[in-house]
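As structure tokens, the structure follows; a few thoughts come after it.
The values are calculated or read from the model by the stated rules, or taken from the named source; none is laboratory data. Computed from a predicted structure; not experimentally measured. Cβ coordinates were reconstructed from backbone atoms using ideal geometry, including for glycine residues, and neighbour counts include every protein chain displayed.
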Amino acid sequence: MTTIELIADGCARNLEMLKMLVGDFSEADMMVRPCPGANHAMWQLGHLISSEAQMVGACGGKTAELPAGLGEKFTAKTAGVDDPKAFGTKAELLELFGKVRAATVKWVRSLSEADLNKPAPEQMKAFFPTVGHLVLLMPGHLDMHAGQWQVIRRKLGKPVLF
């Protein structure tokens with residue numbers, strides 16, 4: 001297995017973990033905050049979609065087309081919004097993230113080892129100096145939010161999955 005194949009496989013697999021973590025969440029469950037000031041799962045899911053599409057696009061990759069205005073729904077300014085009508089439904093966001101992640105996996109598979117060493121886009125270099133660093137962020141970013149969803153699961157009394 002090459003590095004590229006491993007990263008692409010990791011991206012594909014952790015999308016399945018996300019689906020398991022929120023699979024038994026109702027629409028109301030998606031709006032539960034694990035603690036005051038923390039983001040609810042609905043906002044986090046939209047944030048993952050928006051940020052991943054933005055990062056892949058900034059690196060020259062092709063991503064799934066996002067609905068107009070989606071990025072504006074999932075910003076730091078909207079993180080405190082508790083109206084579920086502001087974000088769409090869980091099913092809509094999961095379907096869209098599936099498309100975005102599939103495009104990300106396809107893009108990752110198109111990269112060469114040399115591409116991983118290319119500089120990241122200027123606005124991202126402070127945290128991710130190379131495209132390789134940015135590519136590794138995709139599964140890592142989802143995993144970070146998965147930890148927050150685990151806390152929501154416990155708060156809701158749902159079974160522990162991992």
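One table, with the values for the structure above:
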read-out: Positions within the range 149-162 being within 16 Å of Arg33 (Cβ to Cβ), more than 13 Å from the chain's Cα centre (by Cα) and not basic (Lys, Arg), in sequence order; value: Gln150, Val151, Ile152, Leu156, Gly157
read-out: Helices (runs of 4 or more DSSP H) lying entirely in the range 1-120 (those with 2 or more residues that are in contact (Cβ under 8 Å) with a residue 40 or more places away in the chain and crowded, with 18+ Cβ neighbours inside 10 Å); value: 3-22, 41-58, 90-110
read-out: Tally, over the range 1-37, of residues that are closer than 28 Å to Val135 by Cβ and among the acidic types (Asp, Glu); value: 3
read-out: Residues that are in contact (Cβ under 8 Å) with a residue 40 or more places away in the chain and outside any helix (DSSP H, G or I), drawn from the range 121-142; value: Pro121
read-out: Where His145 falls short, out of the listed (1) modelled with pLDDT under 95; (2) part of a loop (DSSP other than H, G, I, E, B); (3) surrounded by 12 or more Cβ atoms within 10 Å (Cβ to Cβ); (4) not aliphatic (A, V, I, L, M); value: (2)
read-out: Candidates Thr104, Thr63, Thr89, filtered to the one that is touching a Gly at 6+ places or on another chain (Cβ under 8 Å) and modelled with pLDDT of 95 or more; value: Thr104
read-out: Residue match in the range 142-154 (condition: touching an Asp or Glu at 6+ places or on another chain (Cβ under 9 Å) and hydrophobic (A, V, I, L, M, F, W, C)); value: yes
